[in-house]
Amino acid sequence: MNYKAALSIASALAFGAASAQAQDTKVAIAISGWTGFAPLTLAKESGIYARNGLDVSIKKIPQKDRHLAIASGDVQCAATTVETWIVWNANGVATTQLFKMDQGMGSDGIVAKPGIDKVADLKGKTVAASAPGTSPHFFLSWALKKAGMKLADVKLVTLEPAPAASAFVAGNAGLDAAVTYEPYLSQVRNKPDAGKIIVDSLGQPVVFDSFGCTPKFIKENPKAVKALVDSYFQALDMIAADKTKAFGIMGADVKQTAEQFEASQSKLKWADRAGNQKFFAGEIQAFNKEAAALLLEIGVIKQVPANMDSLYDTSFQK
């Protein structure tokens with residue numbers, strides 16, 4: 001074999017190794033069983049991530065613990081509510097949002113026993129919600145504030161959304177109300193004798209979810225980050241093209257039929273590219289300002305991040 005041939009083969013092998021390495025970019029993503037995160041599951045189960053050169057593992061981690069998984073390096077990326085990125089960064093867990101995923105349109109809510117008709121009626125009542133720094137805790141705080149109340153005006157019990165909904169419907173936990181979200185909120189929708197939804201994310205439009213990663217991962221893996229962003233929008237395209245198949249895949253992950261999942265997702269709106277452009281062109285800035293003030297007031301953060309605009313990077317959406 002002559003020198004040029006050997007060099008050509010060596011180059012081809014090197015290129016192949018580089019390509020294989022690019023195809024094997026590993027990334028762990030932390031989510032919960034929330035309906036709005038389902039396109040991430042769809043992207044994995046339908047092979048979208050793999051086709052875009054990603055080896056993705058999705059880990060179900062409660063929102064209250066998700067920042068710990070990021071800080072430890074167990075996961076590099078996560079999906080969570082927009083105000084949570086303020087909390088994480090204010091408490092030393094550096095993370096950057098890359099795109100908006102969805103907005104609650106009645107998918108989150110406070111359910112209450114018969115006789116409790118509005119948020120103001122919760123005064124002195126026992127209410128279940130997740131721990132401070134989570135979406136249900138923030139939603140409750142926001143709703144109470146809008147009603148002229150504080151967290152101290154209710155008896156707070158810490159329960160995650162799924163067990164909170166189950167305990168409320170069962171009626172054996174001494175709960176007057178609970179904060180939960182889809183698909184668990186449907187447990188109450190389907191059993192109206194247990195109680196009713198007194199306020200939801202349609203009436204209080206403050207539930208926005210987004211996807212992000214650590215600055216370190218973003219800096220070291222720009223192509224993979226671009227692939228993650230594109231994969232989300234491709235998952236939305238798949239939903240539009242074949243809802244039955246997509247709902248079946250996404251529903252299976254949360255133990256729902258395609259029909260049940262379709263009903264759950266009807267209470268939210270996934271954000272396409274146009275929706276993202278609109279959100280990051282003014283909406284997130286206004287929300288972050290009010291959200292940060294509330295988080296400071298309820299003691300979830302000790303100080304507001306110095307540069308709120310550094311909490312997101314939309315350049316990979318292009």
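Examine the stretch 305-318 for a residue that is touching a Leu at 6+ places or on another chain (Cβ under 6 Å) and either under 22 Å from VAL93 (Cβ atoms) or not assigned by TED's automatic domain parsing to the domain that holds THR134 (or both), and state whether such a residue exists. Yes: the stretch 305-318 contains one or more residues that are touching a Leu at 6+ places or on another chain (Cβ under 6 Å) and either under 22 Å from VAL93 (Cβ atoms) or not assigned by TED's automatic domain parsing to the domain that holds THR134 (or both).
Quick grid of which residues meet (1) assigned by TED's automatic domain parsing to the domain that holds ILE29; (2) farther than 16 Å from LEU295 by Cβ:
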residue	(1), (2)
SER72	yes, yes
LEU98	yes, yes
GLY115	no, yes
LYS123	no, yes
LEU140	no, no
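A count restricted to the stretch 36-74 and to residues that are touching a residue at least 40 places away in the same chain (Cβ under 8 Å), closer than 14 Å to MET250 by Cβ and not in a helix (DSSP H, G or I) stands at 1.
Taking the listed residues ALA235, ALA263, the one that is of a type in the set (A, V, I, L, M, F, W, C), surrounded by 13 or more Cβ atoms within 10 Å (Cβ to Cβ) and over 27 Å from THR95 (Cβ atoms) is ALA263, with no other qualifying. Mind counting the residues in the stretch 89-111 that are under 15 Å from ASP313 (Cβ atoms) and not aliphatic (A, V, I, L, M)? Matching residues across the stretch 89-111 total 6. If you go through the stretch 20-52 and pick out every residue that is modelled with pLDDT under 95, within 24 Å of LYS64 (Cα to Cα) and of a type outside the set (Val, Ile, Thr), you end up with 4. Residues in the stretch 68-113 that are small (Gly, Ala, Ser) and in contact with a helix residue (DSSP H, G or I) (Cβ under 6 Å, 6 or more places away or on another chain): ALA78, ALA79, ALA94, GLY109. The condition of being part of a helix (DSSP H, G or I), out of contact with any Leu (no Cβ under 8 Å at 6 or more places or on another chain) and surrounded by 24 or more Cβ atoms within 10 Å (Cβ to Cβ) holds for PHE139.
Can you find a residue that is in contact with a Ser or Thr (Cβ under 9 Å, 6 or more places away or on another chain), surrounded by 13 or more Cβ atoms within 10 Å (Cβ to Cβ), in contact (Cβ under 8 Å) with a residue 12 or more places away in the chain and not in a loop (DSSP other than H, G, I, E, B) anywhere in the stretch 299-307? Scanning the stretch 299-307, I find no residue that is in contact with a Ser or Thr (Cβ under 9 Å, 6 or more places away or on another chain), surrounded by 13 or more Cβ atoms within 10 Å (Cβ to Cβ), in contact (Cβ under 8 Å) with a residue 12 or more places away in the chain and not in a loop (DSSP other than H, G, I, E, B), so the answer is no. Residues in the stretch 160-196 that are in contact with a Ser or Thr (Cβ under 6 Å, 6 or more places away or on another chain) and among the aliphatic types (A, V, I, L, M): ALA164, ALA165, LEU175.
Determine, yes or no, whether LYS269 is surrounded by fewer than 18 Cβ atoms within 10 Å (Cβ to Cβ) and in contact (Cβ under 8 Å) with a residue 40 or more places away in the chain. For LYS269, the condition - surrounded by fewer than 18 Cβ atoms within 10 Å (Cβ to Cβ) and in contact (Cβ under 8 Å) with a residue 40 or more places away in the chain - is met.
Among the polar types (S, T, N, Q) and buried (at least 24 other Cβ atoms within 10 Å of the Cβ): is that true of THR41 in this structure? Show your work before the answer.
On the way: among the polar types (S, T, N, Q): yes; buried (at least 24 other Cβ atoms within 10 Å of the Cβ): no.
Answer is no for this residue.
I need the full set of residues from the stretch 242-256 which are modelled with pLDDT of 95 or more and more than 12 Å from ALA38 (Cβ to Cβ), in order please. Listed by number, the residues that qualify are ASP242, LYS243, THR244, LYS245. Tell me, which residue of the stretch 131-183 that is of a type in the set (Val, Ile, Thr) and without any contact (Cβ under 8 Å) to a residue 60 or more places away in the chain is farthest from GLU297 (Cα to Cα)? Going through the qualifying residues, I end up with VAL169.
Looking only at residues of the stretch 114-128 that are outside any loop (DSSP other than H, G, I, E, B) and touching a helix residue (DSSP H, G or I) at 6+ places or on another chain (Cβ under 8 Å), we find that the one that is nearest to TRP142 (Cα to Cα) is VAL119.
Taking the stated definitions as given, is ALA286 over 17 Å from the mean Cα position of the chain (by Cα) and surrounded by 14 or more Cβ atoms within 10 Å (Cβ to Cβ)? Even if it seems obvious, please write down each step before you answer.
Numbers: over 17 Å from the mean Cα position of the chain (by Cα): yes; surrounded by 14 or more Cβ atoms within 10 Å (Cβ to Cβ): no.
Answer is no for this residue.
Being over 19 Å from GLY47 (Cβ atoms), free of Cβ contacts under 8 Å to residues at least 40 places away in the same chain, in the same structural domain as ILE29 (by TED's automatic domain parsing) and of a type in the set (D, E, K, R), is that true of even one residue in the stretch 239-257?
Checked the stretch 239-257: at least one residue is over 19 Å from GLY47 (Cβ atoms), free of Cβ contacts under 8 Å to residues at least 40 places away in the same chain, in the same structural domain as ILE29 (by TED's automatic domain parsing) and of a type in the set (D, E, K, R).
Screening SER264 with (1) small (Gly, Ala, Ser); (2) out of contact with any helix residue (DSSP H, G or I) (no Cβ under 6 Å at 6 or more places or on another chain); (3) assigned to a helix (DSSP H, G or I) gives one miss only, at (2).
The values are calculated or read from the model by the stated rules, or taken from the named source; none is laboratory data. Source: prediction; values computed, not measured. Cβ coordinates were reconstructed from backbone atoms using ideal geometry, including for glycine residues, and neighbour counts include every protein chain displayed.
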